[in-house]
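A short worksheet on the structure shown next.
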Amino acid sequence: MTNNQRPPCLQPENKGIAAIPTVIIFGGIIAEIAIATTFLSLAFTNTSLGLRLSAEAFGAAQSGVEDAVLRLARDRNYQNISGYSLAVGRATATITITQGSPSANQATILSTGTSFRRKRAVRAIVTIDDVSGVVSLVSLKETTP
């Protein structure tokens, strides 16, 4: 053995040094796949949740129209331009009733349903018979909130 050589038990082991960059690269790829999968599942969940909230808001808006028709059936002169709120499950409906619109003996009902951040609105026009007080639906359509 020469002076420059070390005994075999004292030589540094360099056998695993090439594995470190490989482990780091593969670890990064696996982490990237996990993050992408998380974002995709989150986007899917939000889409499903958004559809459910939108349906809840629409149901609340329709319930608001039905409530307004009931109020008009009880009092044919009922009017509420400023609007009132109606709780429908987790959603709420804000309803306005305008008498004489679009013509005499008619009322316009605008009901906006809200569920979390989703809003849907329904506009109904009803005819109110002066003699019998019967409320008849003329038109019902969804509008922009």
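Figures for the structure shown
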read-out: Whichever residue in the range 108-129 is at pLDDT 95 or above and among the aliphatic types (A, V, I, L, M) and, among such residues, is nearest to the chain's Cα centre (by Cα); value: 121
read-out: Of the criteria (1) open to solvent by less than 40 Å² (accessible area, probe 1.4 Å); (2) in contact with a helix residue (DSSP H, G or I) (Cβ under 8 Å, 6 or more places away or on another chain); (3) within 26 Å of residue 53 (Cβ to Cβ), which one residue 83 fails; value: (2)
read-out: Only one of 138, 126 that is farther than 21 Å from residue 53 by Cα and crowded, with 20+ Cβ neighbours inside 10 Å; value: 126
read-out: Single unsatisfied condition, residue 62 versus (1) modelled with pLDDT of 95 or more; (2) of a type in the set (S, T, N, Q); (3) in a strand (DSSP E or B); value: (3)
read-out: Hey, residue 39 part of a helix (DSSP H, G or I), open to solvent by 50 Å² or more (accessible area, probe 1.4 Å) and over 19 Å from residue 123 (Cβ atoms) or not; value: yes
read-out: Members of the range 91-123 that are open to solvent by 10 Å² or more (accessible area, probe 1.4 Å), without any contact (Cβ under 8 Å) to a residue 40 or more places away in the chain and either among the basic types (Lys, Arg) or not in a loop (DSSP other than H, G, I, E, B) (or both); value: 92, 94, 96, 98, 99, 106, 108, 110, 123
read-out: Unique match (being open to solvent by 40 Å² or more (accessible area, probe 1.4 Å) and without any contact (Cβ under 8 Å) to a residue 12 or more places away in the chain) among 88, 131; value: 131
read-out: Single residue of the range 51-80 satisfying the filter (farther than 20 Å from residue 142 by Cβ and in contact (Cβ under 8 Å) with a residue 60 or more places away in the chain) that is surrounded by the most Cβ atoms within 10 Å (Cβ to Cβ); value: 72
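The values are calculated or read from the model by the stated rules, or taken from the named source; none is laboratory data. Quick caveat, the model's predicted, so the values are computed rather than measured. Cβ coordinates were reconstructed from backbone atoms using ideal geometry, including for glycine residues, and neighbour counts include every protein chain displayed. Areas reflect the complete protein model, heavy atoms only, side chains present, ligands, DNA and RNA absent. Shrake-Rupley method; radii C 1.70, N 1.55, O 1.52, S 1.80 Å.
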